[in-house]
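No value in this document is a laboratory result; all are computed from the given coordinates. What you see is a predicted model; the values in this text were computed from it and never measured. In this analysis, Cβ positions are derived from the backbone assuming ideal geometry, glycine residues included, and neighbour counts consider all displayed protein chains.
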Amino acid sequence: MFDQISDVKVFAVSASLLYVKFLATTMIQGRKAFAAGTRMAEDNKLPMAKGKPCQGQADMADKAVKLAVEDEMRWKRIIQNDLESMPMAFVVFWGAISAQVNPEVTKALLLVYTAARVSHTASYALGMPRARMACWMAGSFCIVTAAVNAVVASLS
């Protein structure tokens, strides 16, 4: 069945899945920010702030607040890593598709990249640094491989 799906469609599914993952991650991070009291002061007026520390004035002497701030920072870093990887990865993968790299290779790279990004988020959230590193390396390998294939296809 996988061989009957075009590389363009695999790209569309990958980009869509990773966007939904990114959106969910930002929503989790937003909730973590309320719990940590690290949102802007005007956010105290929002319903989500009820029962949470005063926003914009996190008391780092409070152990619970300090842990909440560290947890929120973890989710910010997950988002930052997604923003460092995914936009350029999509450009590279689309370049490979446009350069008519072997579609089977591109589809496999997209599949592995997507799995690596989802696994990267899970391993980062669970505090598993070696798994996180392996996922990052797998995703980066897919991007570089797609880039090399795109250059080779473009020059031949």
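Helix 103-125 and the longest principal axis of the C-alpha atoms of the chain enclose an angle of approximately 20°.
Taking amide H as placed 1.01 Å from N in the peptide plane, the amide H of R39 sits under 5 Å from that of G56, each at least 5 places away or on another chain. Take every Cα-Cα pair in the chain and report what % of them are more than 23 Å apart. Summing the P(r) of the chain above 23 Å gives 48 percent of all pairs.
Sorted ascending by nearby beta carbons within 10 Å, beginning with the fewest, K21, K76, K9, K50 become K50, K9, K76, K21.
For a paramagnetic label modelled on E104 (point 7 Å from Cα along Cα→Cβ), amide N atoms under 19 Å away belong, within the stretch 6-36, to 6-11.
Taking Cα atoms only, the orientation of helix 7-36 departs from the longest principal axis of the chain by about 10 degrees.
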